[in-house]
Each structure stands twice: as C-alpha cells, then as structure tokens.
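Data block below; observations after.
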Amino acid sequence: MAMRLTGTFLDAVVADIPSNNWGRAEWAADFDAMRAVGIDTVILIRAGARDRAVFDSRVLRDACDVMPAYGDLMTLFLDEAERCGMDFYYGTYDSGAWRGGAHQREADLNMALADEVMERYGSRRAFRGWYICHEIPRYHEGAMVVYERLARHLRGLRDLPILISPWLLGRKEFPQDYLSPEDHEKNWQRVFERIQGLVDIVAFQDGLCAFTDLPAYLDVNARLCRNHGIACWSNVENFERGGVPMKFLPIDWRHLRYKMEAAEAAGCSKLITFEFSHFMSPQSMYPSARHLYRRYAEWLGIDL
C-alpha cells in the first residue's frame, strides 16, 4: 500500500492562519479523526511565538512581554496523545528576534524554557521527541548557532529524536530568488555538515516549489539525509500555495496525492503534514477540508 500521512503538526500558536477557537472537546474529536486515518505522531509547531505561548511559562513571563496563556495546551495535547497512543514532539519557542541577529539570546532563552518543560512535562509517556522550530531555506550561520547549542542542550535533558522542518526556496514563491535543486544541495550540504550527529530527522516543507520541480528537490533531500545518517521525512503541506486568491486554503486532493507519491518515490521514510486541524479535519472551519478528509479516507480504503 502507498505511504500515508502518519504525523501532523499542531498549530496551537497561530501565526498566519485563523484560529479554530477549539476547546477540549473539539481537540479530542480532532485527535480521534487523526487516529482514524493512521496518524501516530503529533508535533507542536512551537511552544510560543513572540508574545504568545501555549502554557503559562515562568521563563517566558520573565524574559518576554507575553500575553496570558489562558490554559495549558501542552497538558491537553499530551493527554490526547496518550489517550490515542501517539508520540508527541515538543516544539521550541520562536521570538522572531533571531532573524535580526539575536542568535545567542534565542538559544539561551530556549534552553531555559526546555528546562522548565522537562520539569513540568518531561515524565509524560507521550513525550517522545524534540522539534526545533526555527526554519531556514538555505545556509544561515546564525541559525547554525541556534541549532547546535539547542540540540546539544535538548539531548542532554532527554535523549530523544530531534527534528527540524526547513523550507525550500523554490520558484513557485520566489521566481526571482529561488535556489535550483543544485544550489539547494550546495547550501544544505553545508548545513548537514554542521547538524550531523545533532539533528536526527529533517522534514523539508514541500509547498514552495513548483509541483513539477518537487521530485528533483526530494531526491536531493533524500541523498543528503542518507549521506549524513539523518532520517528523511517529508512535510507534505496540505494547503495550497500560489494560484489561489487567499492564504491559505485546503489543498486539492490530487495535489496532495501527487506530493505524497513523489515523497515515497524519493525514499522518504515518513510523511507528516502541516497541518491536519485547519486543512484536513472533518471539523475544520473550511468545508473543503472536510471533503479532503473524505477523499483521503476513500483512498486509504477506510469506511468512515
């Protein structure tokens, strides 16, 4: 049988898509819907972003100007992951300031936050991985500082798999400043040389290049991972980029299937997505997401 999506990000701190405004009951129903189609891994996209956080963190309150958390989504997600037999990956905090050069501070803040997370949640059964949420499309020296320092610290707290999910600088979104597959490989060869032995899994986002370019990028990604002893997943985005009037809307089922099949052909070992709850859930705010869920279930041969 063809590979299926077995992981999804959880976008609890919404950055560029609207909130579903769910409570515990809606999240429980969503985890049930994920489990029904074979999802076994959930990845918190980030513990916080700028002035928002998923739980009331003393570290973030002391170091940043954050809004009240109004609840503990970490506990909710861990509860649901354990109920559904899923692995949960903790996603780090993104202040935004690291893009302007505050790399050391970003690493220091995240290390302190990870200490707090381990103290509060580290013994939870579902806690099975780390996700460094800082995304880059090409070699970036400052990001290497964050990756290296933070990965070593996370590993020292608890030796769990460490995941990153970079993005492709493809011509669909960046027609004047894109990296060809060859240039992409040169850039990421440098990155992989720095993160080898520190990062265990790389899952490139697949939505920023033209569909017909994707197989070439996927082949490069798989080769780089293989050569550096890193697991190659694919972040199969389930929303459309380009060619639609609004950002962002659920993807056409045919496009999603194409990307999944391309990732399998390239040798990716696991397919994850960004992200189930907004763009693929049967209870999403978008009717087309509900239809996408049904088309996907039909393809899997699952009778809903």
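Annotations for the structure displayed:
- The condition of being farther than 18 Å from ILE272 by Cα and in a loop (DSSP other than H, G, I, E, B) holds for only one of ASP79, ASP65, that being ASP65.
- Selected residue (criterion: nearest to the chain's Cα centre (by Cα)) from residues of region 204-251 that are surrounded by fewer than 16 Cβ atoms within 10 Å (Cβ to Cβ) and assigned to a loop (DSSP other than H, G, I, E, B): LYS247
- Qualifying positions in region 37-59 - under 23 Å from ILE17 (Cα atoms) and of a type outside the set (D, E, K, R): ILE39, THR41, VAL42, ILE43, LEU44, ILE45, ALA47, GLY48, ALA49, ALA53, VAL54, PHE55
- Subset tally (residues that are over 18 Å from the mean Cα position of the chain (by Cα), touching a residue at least 24 places away in the same chain (Cβ under 8 Å) and assigned to a loop (DSSP other than H, G, I, E, B)) for region 252-273: 1
- Leading residue by the ranking (modelled with the lowest pLDDT) among those in region 147-168 that are crowded, with 20+ Cβ neighbours inside 10 Å and under 23 Å from ARG223 (Cβ atoms): LEU168
- Residue check, ALA112 hydrophobic (A, V, I, L, M, F, W, C), more than 20 Å from the chain's Cα centre (by Cα) and modelled with pLDDT under 95: no
- Cβ pairs under 6 Å, 6+ apart, first in region 132-143 and in a loop (DSSP other than H, G, I, E, B), second among the acidic types (Asp, Glu) and crowded, with 21+ Cβ neighbours inside 10 Å: CYS133/ASP94
- Single condition SER123 does not satisfy, out of (1) over 24 Å from HIS228 (Cα atoms); (2) touching a residue at least 24 places away in the same chain (Cβ under 8 Å): (2)
- Residues being surrounded by fewer than 15 Cβ atoms within 10 Å (Cβ to Cβ) and either among the small types (Gly, Ala, Ser) or assigned to a strand (DSSP E or B) (or both) - total across region 100-121: 2
- Test for TYR70: is it surrounded by 14 or more Cβ atoms within 10 Å (Cβ to Cβ), of a type in the set (Phe, Trp, Tyr) and either in contact (Cβ under 8 Å) with a residue 12 or more places away in the chain or assigned to a loop (DSSP other than H, G, I, E, B) (or both): no
- Of the numbered criteria (1) among the β-branched types (Val, Ile, Thr); (2) in contact with a helix residue (DSSP H, G or I) (Cβ under 8 Å, 6 or more places away or on another chain); (3) under 27 Å from GLY100 (Cβ atoms); (4) buried (at least 22 other Cβ atoms within 10 Å of the Cβ), the one VAL42 fails is (3).
- Within region 191-205, residues that are in contact (Cβ under 8 Å) with a residue 24 or more places away in the chain have Cβ atoms under 9 Å from residues that are among the charged types (D, E, K, R) and part of a loop (DSSP other than H, G, I, E, B) in these pairs: VAL191/ARG138; GLN205/GLU135; GLN205/GLU237, counting only partners at least 6 apart in sequence or on another chain.
- Residue match in region 30-37 (condition: touching a helix residue (DSSP H, G or I) at 6+ places or on another chain (Cβ under 7 Å), among the aromatic types (Phe, Trp, Tyr) and within 27 Å of ALA263 (Cβ to Cβ)): yes
- Residue ID - surrounded by the fewest Cβ atoms within 10 Å (Cβ to Cβ), chosen from residues in region 74-93 that are touching a strand residue (DSSP E or B) at 6+ places or on another chain (Cβ under 9 Å) and among the acidic types (Asp, Glu): GLU82
- For LEU304, the conditions (1) in contact with a His (Cβ under 8 Å, 6 or more places away or on another chain); (2) exposed (fewer than 15 other Cβ atoms within 10 Å of the Cβ) are fulfilled apart from (1).
- When TYR121, TYR131 are checked against the criterion of being in contact with a strand residue (DSSP E or B) (Cβ under 8 Å, 6 or more places away or on another chain), at pLDDT 95 or above and closer than 20 Å to ASN235 by Cα, a single residue qualifies: TYR131.
The values are calculated or read from the model by the stated rules, or taken from the named source; none is laboratory data. Keep in mind that what you see is a predicted model, and the values were worked out from it rather than measured. Backbone-built Cβ (ideal geometry, glycine too); neighbour counts: all protein chains shown.
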